[in-house]
Amino acid sequence: MNRADFLSRVPLFALLKREELEGLAEQTEEHRVEAGTVIIREGDLDRRMFMIISGRASVVIGLGSPRERTLVELGACGYFGEMALIDDLVRSASVLALEETRLLSLQAGTLLDSIGSYPSLAMELLQTMSRRVRALEKSLMSTLGGVLPICANCKQIRDEGGSWVPIEVFIRDRSDAEFSHGICPRCREILY
């Protein structure tokens, strides 16, 4: 299968015309990675989007740490890395090849130029982002709970056992969040 045919099967590009797919295909680069290869690493600045031709990969946060968590597994025609193309920030997760995997990559500039020419790409990206936000909201709600009973004065939260605990303890015990402490300007004025 040639690259344009493959791109037509990737949801992000499915609405493009044949000549548009062929032009985009010329801008891609093919990669082949072995099982266990880290394709992108959380925290790196990398301006490429990847599409899986064959094989499988998992999207992981905290790779190699005690808090490692797999967010999703992707197979053929799945894509990842598009968020870094839009917000120009470091990678928010790592992607690990679960088996020998063939990929196409697309540089940020190419995709952004294509979005300007083909608004359907922007709609697909928005829908993908929306699905991810909804999944994160659902995960957060199941992690922290629905309605949190919080003290109006000291801001402690009543846990499942009826004990009142500091908000950072409640969140730390139910998520991967870590806290650093500081003093906000208002409290600095009051205290000092």
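Some points to look at:
- Of all the criteria given as (1) modelled with pLDDT of 90 or more; (2) farther than 19 Å from Val60 by Cα; (3) surrounded by fewer than 20 Cβ atoms within 10 Å (Cβ to Cβ), the one not satisfied by Leu104 is (3).
- Tally of residues being under 20 Å from Thr37 (Cα atoms) and either in a helix (DSSP H, G or I) or of a type outside the set (A, V, I, L, M, F, W, C) (or both) across the stretch 85-106: 8
- Annotation: Glu20 fulfils all but one of (1) within 16 Å of Phe6 (Cβ to Cβ); (2) among the acidic types (Asp, Glu); (3) touching a Gly at 6+ places or on another chain (Cβ under 7 Å); the unmet one is (3).
- Any hit, the stretch 130-144, residues being among the β-branched types (Val, Ile, Thr), more than 25 Å from Lys17 (Cα to Cα) and more than 13 Å from the chain's Cα centre (by Cα): yes
- Any hit, the stretch 52-66, residues being farther than 18 Å from Val10 by Cα, among the basic types (Lys, Arg) and in the same structural domain as Leu7 (by TED's automatic domain parsing): no
- Whichever residue in the stretch 114-133 is hydrophobic (A, V, I, L, M, F, W, C) and without any contact (Cβ under 8 Å) to a residue 40 or more places away in the chain and, among such residues, is surrounded by the most Cβ atoms within 10 Å (Cβ to Cβ): Ile115
- Of everything in the stretch 65-84 that is hydroxyl-bearing (Ser, Thr, Tyr) and part of a strand (DSSP E or B), the residue that is modelled with the highest pLDDT is Tyr79.
- Among the residues making up the stretch 70-101, those that are of a type in the set (D, E, K, R) and either within 24 Å of Asn2 (Cα to Cα) or exposed (fewer than 14 other Cβ atoms within 10 Å of the Cβ) (or both) are Glu73, Glu82, Asp87, Asp88, Glu99, Glu100.
- Residue selected from the stretch 34-69 under the condition in contact (Cβ under 8 Å) with a residue 60 or more places away in the chain and within 13 Å of the chain's Cα centre (by Cα), by the criterion farthest from Leu112 (Cα to Cα): Arg69
- Screening Leu24 with (1) at pLDDT below 95; (2) of a type in the set (A, V, I, L, M); (3) surrounded by 14 or more Cβ atoms within 10 Å (Cβ to Cβ); (4) within 18 Å of the chain's Cα centre (by Cα) gives one miss only, at (4).
Let's see how each residue does on (1) more than 15 Å from Leu74 (Cβ to Cβ); (2) outside any helix (DSSP H, G or I); (3) not small (Gly, Ala, Ser):
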{"position": "Ser8", "(1), (2), (3)": "yes, no, no"}
{"position": "Leu15", "(1), (2), (3)": "yes, yes, yes"}
{"position": "Glu22", "(1), (2), (3)": "yes, no, yes"}
{"position": "Glu30", "(1), (2), (3)": "yes, yes, yes"}
{"position": "Gly36", "(1), (2), (3)": "yes, yes, no"}
{"position": "Ile39", "(1), (2), (3)": "no, yes, yes"}
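The values are calculated or read from the model by the stated rules, or taken from the named source; none is laboratory data. Because the structure is predicted, anything quoted here is derived from the model rather than measured. Please note: Cβ atoms are built from the backbone with ideal geometry, for glycine as well, and neighbour counts cover all protein chains shown.
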